[in-house]
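Here the structure is laid out as structure tokens; the discussion comes afterwards.
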Amino acid sequence: METEVRSLELAKCLPDTHFPFSAAVFGKGFIARDMGFRNTAGAIKHQAVALMSTADMSAFYRCNVDAFQDTLYAHSNRQFYRECNIYGTVDFIFGNSAVVIQNCNILPRTPMAGQQNTITAQGRFDPNQNTGISIQNCTVLPFGDLTSVKNYLGRPWKNYSTTVFMSSMMGSLIDPAGWLPWTGDTAPPTIFYAEFQNFGARRFNKEQS
């Protein structure tokens, strides 16, 4: 039976509240199995983290991580997620850890009116760091009707942002452009974003084909 850690509408409500979270994990070697982490603040409350982890060599197995903006804050160190369900809207997998997300369901959901969904926002700020987001053998599908919402694989939070989607099934919800810059029209040339051997109904722009 799943045990759930849930907040009561905990969100970025105060000026000095940076990333409020429902659950935080710090201990090396932490393992969670069949647990749920939920932030009930909703899309209207903006940043509202369900799970924040700095735990090195941590593993999450068959867990639900459920919120809207900034759902999973993989803050730092080495982390592993397998057979989890991760729900969200804006930058809902983010941080500067060396994280592998494997055999998981990644489920964009309905954001606030006028918003677009971005799955990842990786935070590598130093070229000497060995951090990045690796999404392997996952399924990317909408949670609900997203026909009127643009959905992207990610955008670079920092100048050396590193993210790879590989061997994953992607639905047609992903915008043909795939990725967004953090701001403006262009991203720094120092980022590394890649897609490798993915499949499904994912569409591409002509120059990407």
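The values are calculated or read from the model by the stated rules, or taken from the named source; none is laboratory data. Since we're looking at a predicted model, the values are computed, not measured. Every residue, glycine among them, receives a Cβ derived from its backbone with ideal geometry; neighbour counts consider all protein chains shown.
Looking at the structure I just gave you, is residue 113 of a type outside the set (D, E, K, R) and at pLDDT below 95? For residue 113, the condition - of a type outside the set (D, E, K, R) and at pLDDT below 95 - is met. The C-beta contact set for the range 101-113 (first residue surrounded by fewer than 22 Cβ atoms within 10 Å (Cβ to Cβ), second residue among the basic types (Lys, Arg), distance under 6 angstrom, 6+ apart or interchain) comprises 102/82; 103/82.
Give me a count of the residues in the range 76-93 that are in a strand (DSSP E or B), closer than 27 Å to residue 110 by Cβ and not charged (D, E, K, R). Spell out how you get there, then give the answer.
Step one: of the range 76-93, the residues in a strand (DSSP E or B) are 78-82, 85-88, 90-93.
Now drop any that are not closer than 27 Å to residue 110 by Cβ, which leaves 81-82, 85-88, 90-93.
From what is left, the residues that are not charged (D, E, K, R) are 81, 85-88, 90, 92-93.
Qualifying residue count, the range 76-93: 8.
Here residue 185 meets each of (1) crowded, with 18+ Cβ neighbours inside 10 Å; (2) more than 19 Å from residue 103 (Cα to Cα) with one exception, condition (1).
Among the conditions (1) on the phi < 0 side of the Ramachandran plot; (2) at pLDDT below 95, the only one that residue 87 does not satisfy is (2). Answer yes if at least one residue in the range 153-162 is more than 21 Å from residue 75 (Cα to Cα) and either of a type outside the set (Phe, Trp, Tyr) or buried (at least 19 other Cβ atoms within 10 Å of the Cβ) (or both), and no otherwise. No, that holds for no residue.
Residue check: is residue 23 assigned to a loop (DSSP other than H, G, I, E, B), modelled with pLDDT under 95, surrounded by 20 or more Cβ atoms within 10 Å (Cβ to Cβ) and not aromatic (Phe, Trp, Tyr)?
Details: assigned to a loop (DSSP other than H, G, I, E, B): no; modelled with pLDDT under 95: yes; surrounded by 20 or more Cβ atoms within 10 Å (Cβ to Cβ): yes; not aromatic (Phe, Trp, Tyr): yes.
Criteria not met by residue 23.
Among the residues of the range 117-134, those identified as free of Cβ contacts under 8 Å to residues at least 40 places away in the same chain and within 20 Å of residue 173 (Cβ to Cβ) are 117, 119.
Evaluate the following for residue 167: is it among the hydroxyl-bearing types (Ser, Thr, Tyr), over 15 Å from the mean Cα position of the chain (by Cα), surrounded by fewer than 16 Cβ atoms within 10 Å (Cβ to Cβ) and closer than 23 Å to residue 97 by Cβ?
On the way: among the hydroxyl-bearing types (Ser, Thr, Tyr): yes; over 15 Å from the mean Cα position of the chain (by Cα): yes; surrounded by fewer than 16 Cβ atoms within 10 Å (Cβ to Cβ): yes; closer than 23 Å to residue 97 by Cβ: yes.
When the stated conditions are applied, residue 167 passes them.
Annotation: of all residues in the range 114-133 being touching a Ser or Thr at 6+ places or on another chain (Cβ under 8 Å) and of a type in the set (Gly, Ala, Ser), the one that is surrounded by the fewest Cβ atoms within 10 Å (Cβ to Cβ) is 132.
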